[in-house]
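Remarks on the structure that follows.
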């Protein structure tokens, strides 16, 4: 067990953060591994930025322990923690040149002048801004400022790099390009990245692991695949990607699987979550691509409805189906040449979850 | 039409009202400045152009008196502006960066109260206070009084500047291994500099110009320029007073101009203001 602890970069144990009566972080237990691209994902106000600021040292925690490479850092001020931050609006020092900005951290650490100059140049070259050393930050575009902020934060060689929604101020195209660059930079340098975002697409494409947060609670931690395919609760299922949530009742519990009955009486098999009880109310999450659609049949207990809207998305077509209970169900079908079946508004269709597509949610 | 109605120039009487205000404010100053070049003993009759009264200020009978007074005025203004700027900088950091504390509105009121209290009241109160504690009146009493009433003038531009500087700059500095002191010296202070310079110049000019409080607390045998001019005027206005007044006016205008440009200059501290594309 000890050996696995050794490659942890950051470890939080029972961390609470309270502002008066308001609890911003509720009992956070989290292990971030060395060399990992870890993302904290959640809606605004969920506590993800507070958690980042707690790791950086800008906020004192009310309870709990923070460890960096096994050492307690909870009582250290930010300047004593070998952790650097890329701020949301970069916070580049406007009265200094780009080079002086990048050199700042190394100078404060007391590195020699020659070393600082050498490393500043290398860092600026790494972010492809070698020719901009003498400029002021306000003479750079948003994307360039972003890269200066990255170079400045990485220059002192931190053990962990914290990134607070660094892409949110960029336009869409640049944001996509920076995702690739960030990921590459992380892999090249091997620095542990802790990335905060509210953009689930960003989180899914870049991260090794994701921690989904809501209301100050870490709802689920896992790889992008686990988070998307096996959400543990309704919030995670709803927040990551699109999904259809059905009310259901557990009718049969097996070893690894159980069967749930939807409100219209059709039964759906799914993987058993933690300790399911026969007769208990539950929710089922089925992704739009996890539903199979066919022409309506006479099978009485199948799930079905009327096509209400058809949206062509290029590679996919998305259908909104109104089911008898009045809810709308989203179904997405790939537009393949072989499968040339098309449905149009008003068609009666039957829906069937693909094998393993239904996910039992604890709430 | 919508545009025109918002244009204040279209209000009836706009031009005449403006003209009236400008004349009332500046005509007396213009007259003083013009007549300081009057080559005549009278201050009301024009006797040709000359610099004789300027020479009289520097080399005439009263030159020694004026020189001492000028030295007192300038040295007190320098010391009072320096001290009040330091205090005002510390106060603004406490007020802006100190978070919320219960006495905050009261503290702000205390800092800016001297701007509201009639100066004569401050003058009398200060005099009574110095007498009560047995502080012998002279250079030191003027200096102490000036430091105190200069604080709000230095405080306002400094506080306004600091309010515009995002706290993330200091956080970024500390994140990059700067101690609190280093974060202040290398990041906050340079960003605050335009506000500090503006506050300093304003305090300097307020101290240089002050008459009422100075006159109350100065004691016998020591004069600043305003009290010296007042003393000289009591025996009738001689044209050399016009020359001296014009010189003081020029110094004031010079300082206010510098203060204006310095507070406008400097890098905008907003942080992520519209970046230029390259």
Could you pull out the residue among B:133, B:222 that is more than 14 Å from chain A (Cβ to nearest Cβ) and without any contact (Cβ under 8 Å) to a residue 12 or more places away in the chain?
B:133
State all residues of the stretch A:242-266 that are surrounded by 15 or more Cβ atoms within 10 Å (Cβ to Cβ), in contact with a helix residue (DSSP H, G or I) (Cβ under 8 Å, 6 or more places away or on another chain) and assigned to a loop (DSSP other than H, G, I, E, B); if no residue qualifies, say none.
A:243
Specify the residue that is surrounded by the most Cβ atoms within 10 Å (Cβ to Cβ); the eligible residues are those in the stretch A:225-241 that are in contact with a helix residue (DSSP H, G or I) (Cβ under 8 Å, 6 or more places away or on another chain) and part of a helix (DSSP H, G or I).
A:227
What residue, among those in the stretch B:242-255 that are surrounded by 14 or more Cβ atoms within 10 Å (Cβ to Cβ) and free of Cβ contacts under 8 Å to residues at least 60 places away in the same chain, is farthest from residue B:56 (Cα to Cα)?
B:255
Select the helices (runs of 4 or more DSSP H) contained entirely in the stretch B:150-213, then report the ones holding at least 1 residues which are farther than 22 Å from residue A:59 by Cβ and touching a residue at least 24 places away in the same chain (Cβ under 8 Å).
B:189-209
Subset of the stretch A:19-30 that is in a strand (DSSP E or B) and surrounded by fewer than 18 Cβ atoms within 10 Å (Cβ to Cβ) - its residue that is nearest to the other protein chains (Cβ to nearest Cβ):
A:19
On the basis of being at pLDDT 90 or above and surrounded by 13 or more Cβ atoms within 10 Å (Cβ to Cβ), does residue B:114 make the cut?
no
Scanning the stretch B:86-111 residue by residue, the ones that are over 23 Å from the mean Cα position of the chain (by Cα) and either over 26 Å from residue B:158 (Cα atoms) or loosely packed, with under 12 Cβ neighbours inside 10 Å (or both) total 7
Sort out for me the strands (runs of 3 or more DSSP E) sitting completely within the stretch A:61-170 that have 1 or more residues that are within 11 Å of chain B (Cβ to nearest Cβ).
A:83-86, A:160-164
Determine whether the stretch B:186-195 contains at least one residue that is within 17 Å of residue B:150 (Cβ to Cβ) and in contact with a helix residue (DSSP H, G or I) (Cβ under 8 Å, 6 or more places away or on another chain).
yes
Residues of the stretch B:10-20 classified as surrounded by 10 or more Cβ atoms within 10 Å (Cβ to Cβ) and either part of a helix (DSSP H, G or I) or touching a helix residue (DSSP H, G or I) at 6+ places or on another chain (Cβ under 8 Å) (or both), total:
7
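Per-residue answers, yes or no, for (1) touching a residue at least 40 places away in the same chain (Cβ under 8 Å); (2) under 24 Å from residue A:8 (Cβ atoms); (3) in the same structural domain as residue A:23 (by TED's automatic domain parsing):
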site: A:128; (1), (2), (3): no, no, yes
site: A:158; (1), (2), (3): yes, yes, yes
site: A:172; (1), (2), (3): no, no, yes
site: A:182; (1), (2), (3): no, yes, yes
site: A:208; (1), (2), (3): yes, yes, yes
If residue A:52 passes every condition in (1) in contact with a strand residue (DSSP E or B) (Cβ under 6 Å, 6 or more places away or on another chain); (2) more than 14 Å from chain B (Cβ to nearest Cβ) but one, which one does it miss?
(2)
Picking from A:42, A:47, A:70, A:64, the residue that is surrounded by fewer than 20 Cβ atoms within 10 Å (Cβ to Cβ) and farther than 24 Å from residue A:189 by Cβ would be A:64
If we scan the stretch A:39-57, do we find a residue that is more than 22 Å from the chain's Cα centre (by Cα) and more than 19 Å from residue A:210 (Cβ to Cβ)?
yes
Quick check on the stretch A:104-120. Is at least one of its residues at negative phi, buried (at least 16 other Cβ atoms within 10 Å of the Cβ), at pLDDT below 90 and in contact with a strand residue (DSSP E or B) (Cβ under 8 Å, 6 or more places away or on another chain)?
no
When you scan the stretch A:75-88, do you find a residue that is over 18 Å from residue A:197 (Cβ atoms), modelled with pLDDT under 90 and in contact with a strand residue (DSSP E or B) (Cβ under 7 Å, 6 or more places away or on another chain), even just one?
no
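The values are calculated or read from the model by the stated rules, or taken from the named source; none is laboratory data. As the structure is a prediction and not an experimental result, all values here were calculated from the model. For neighbour counting, all protein chains shown are included, and Cβ atoms are generated from backbone atoms with ideal geometry for every residue, glycine included.
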